[in-house]
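Bear in mind these aren't lab numbers, they're just calculated from the coordinates by the rules spelled out. The shown structure was predicted, so the numbers you read here are calculated from the model rather than taken from an experiment. Neighbour counts are summed over all protein chains in view; Cβ atoms, including those assigned to glycine, are modelled from backbone coordinates with ideal geometry.
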Ligand SMILES: [Zn+2]
């Protein structure tokens with residue numbers, strides 16, 4: 001492992017010392033990118049297999065080689081010069097596909113200057129190894145030391161992002177994932193404004209009920225439980241059914257034959273719900289799902305797979321591989337996963353497949369969503385606000401967010417341990433993607449109902465609609481444009497909030 005890293009460091013230094021000006025015309029640019037994308041895809045596949053082996057332990061996992069190869073590719077001097085050169089005059093590119101490839105390449109290369117920086121990359125790898133749970137506790141640093149190292153990693157990311165001209169790393173993450181920091185903060189304001197009267201009512205009703213003047217987080221236990229019951233899976237299996245069988249039936253209802261898909265699912269004890277990996281787009285999708293997970297988790301991972309397995313665009317940088325920052329919008333990918341999972345929440349589908357009578361779910365969801373949307377915003381905003389000033393006390397920041405958004409005083413006390421959550425290392429600034437995903441899946445399903453009627457869950461043309469507008473073109477269109485093409489609107493936050501009555 002060490003040897004690989006040393007070689008890669010040497011290459012990194014060498015490639016940066018060459019500095020000749022390279023000029024290519026549009027045709028040469030195309031051939032140049034064709035060649036680089038072949039290498040890029042080869043590394044993506046190697047990375048996918050390595051990650052698959054980490055999760056399933058089917059074979060020995062080597063994540064360092066693909067990571068080092070990515071670093072070498074992305075620090076390639078001619079690639080950087082050519083992409084920067086053409087990106088600065090992108091309107092001059094006559095071919096739209098080539099234009100988009102340059103755009104995505106530019107984002108990937110920018111992201112790599114932070115995420116694939118040798119210092120960041122090595123610390124992140126080391127922390128991931130320590131936090132993975134596979135190393136005995138006595139062989140890893142103390143919780144406090146780990147927490148300090150995570151803070152150091154965050155500071156390094158910030159430093160590099162600021163050097164590139166971004167305000168901080170969180171702003172860079174949002175901009176490179178095609179969400180945009182300013183757009184996102186307007187989105188946050190809208191959610192806060194629209195949910196406020198409904199959240200106020202929840203709190204005031206609870207105060208009356210409990211005959212208390214102030215509410216603590218513990219007073220919400222009843223509501224939280226009621227909400228989770230309502231959002232839990234309505235479709236459960238009897239002893240003759242399997243998850244794959246149930247997924248096949250639901251897919252078959254909308255016109256997809258599961259048997260013909262290049263998909264493989266493995267059920268295994270893992271420290272998360274599930275993880276779907278597009279190893280080779282569109283020909284090899286695999287997912288590992290934790291033992292005992294409900295159907296919606298299986299369908300979520302399958303949704304990642306449907307997006308990958310029905311991608312027809314054939315330029316690797318536009319195929320939606322997920323290993324490098326800037327390749328696409330993870331919120332959209334999560335949205336495609338949730339679009340699949342949402343079939344398990346469709347009333348007509350539930351009627352067909354549930355063993356039990358289900359009612360009253362939606363009224364509970366509508367009543368309490370204001371609170372849960374605000375809860376979600378706390379974890380999302382914590383990281384975004386923290387990157388603004390990494391010298392602030394994270395516990396004070398958390399308490400302030402709870403106070404501003406949920407009106408709670410000191411819910412977590414005076415300490416916050418960064419090492420308790422691996423997302424700060426492995427999935428930085430990621431949680432907002434699940435909020436976007438819920439809206440995207442709601443929006444897609446609303447459109448399907450509009451086009452195919454209430455029983456759209458049993459219309460075989462639904463798959464063609466999903467493939468045409470949401471899967472096949474990969475990253476060719478920016479994600480908001482895909483939504484516009486497929487639903488008539490960009491992300492419909494207003495419609496989503498109205499669906500709860502807000
Ligand atoms: Zn997902």
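Worth pointing out:
- Whole-Å distance, taken between Cα centres, linking segment 271-303 and segment 24-61: 21
- Cα-projected label distance for residue 214 with residue 142, points at 7 Å along beta-carbon direction, nm: 3.3
- Overall form of segment 321-424 per C-alpha gyration tensor (a/c, 1.5; a/b vs b/c): oblate
- Here the Kirkwood formula puts the hydrodynamic radius of segment 350-486 at 18.6 Å, using every distinct Cα pair.
- Sites residue 449 and residue 135, calculated FRET efficiency, Cβ-Cβ separation with R0 35 Å, nearest 0.05: 0.10
- With a simple spin-label model that places each label point 7 Å from the Cα along the Cα-to-Cβ direction, the separation between residue 272 and residue 423 comes to 1.1 nm.
- In the chain, the DSSP beta bridges split such that about 55 percent are antiparallel, to the nearest 5.
- Per-pair calculated FRET efficiency, R0 = 25 Å: residue 78 and residue 119 via Cβ, rounded to 0.05: 0.55
- Full-extension gain in nm, residue 23 to residue 409, via 0.36 nm per residue minus C-alpha separation: 132.9 nm
- Reciprocal mean inverse distance between Cα atoms of segment 64-147 - Kirkwood radius, Å: 15.3
- Spatial offset of segment 380-411 relative to segment 72-145 amounts to 28 Å, using the alpha carbon center of each.
- Based on the convex hull around the alpha carbon atoms, segment 170-264 presents an average projected area of 11.9 nm².
- Whether segment 239-312 is rounded, prolate or oblate, judged on the alpha carbon gyration tensor where a/c under 1.5 counts as rounded: oblate
- The packing ranking of peptides 180-189, 314-323, 217-226, highest mean first, is 314-323, 180-189, 217-226, where packing means the average number of other beta carbon atoms within 10 angstrom of each residue.
- Descending semi-axes in whole angstrom, ellipsoid equivalent of segment 391-455, from the Cα gyration tensor: 37, 16, 8
- Interatomic Cα distance distribution for the chain, bins of 10 angstrom, percent: 3, 17, 28, 28, 17, 5, 1, 0
- One equal scatterer on each Cα of segment 2-177, no solvent, Debye formula: the resulting log10 I(q)/I(0) at q = 0.09, 0.14, 0.15, 0.18 Å⁻¹ is -0.38, -0.89, -1.00, -1.33.
- All Cα pairs of segment 26-67, percent lying beyond 17 Å: 43
- Taking the empirical scaling 2.2 N^0.38 Å for compact globular proteins as reference, segment 175-221 has a Cα radius of gyration ratio of 1.68.
- In segment 142-274, Cα pairs under 8 Å separated by at least six residues give a relative contact order of 6 percent.
- The calculated FRET efficiency for the pair residue 258 and residue 126, based on their C-beta separation and a Förster distance of 56 Å, comes to about 0.90.
- From least to most packed, judged by other beta carbons within 10 angstrom and beginning with the fewest, 479, 442 follow the order 442, 479.
- The chain, relative contact order [Cα under 8 Å, separation at least 6], %: 19
- You can think of it this way: the chain between residue 477 and residue 359 has 38.5 nm of extra reach, that is 0.36 nm per residue less the Cα-Cα gap.
- Residue-averaged [θ]222 nm for the chain, counting only DSSP H segments that reach four residues, each worth -39500 (n - 2.57): -19000 deg cm²/dmol
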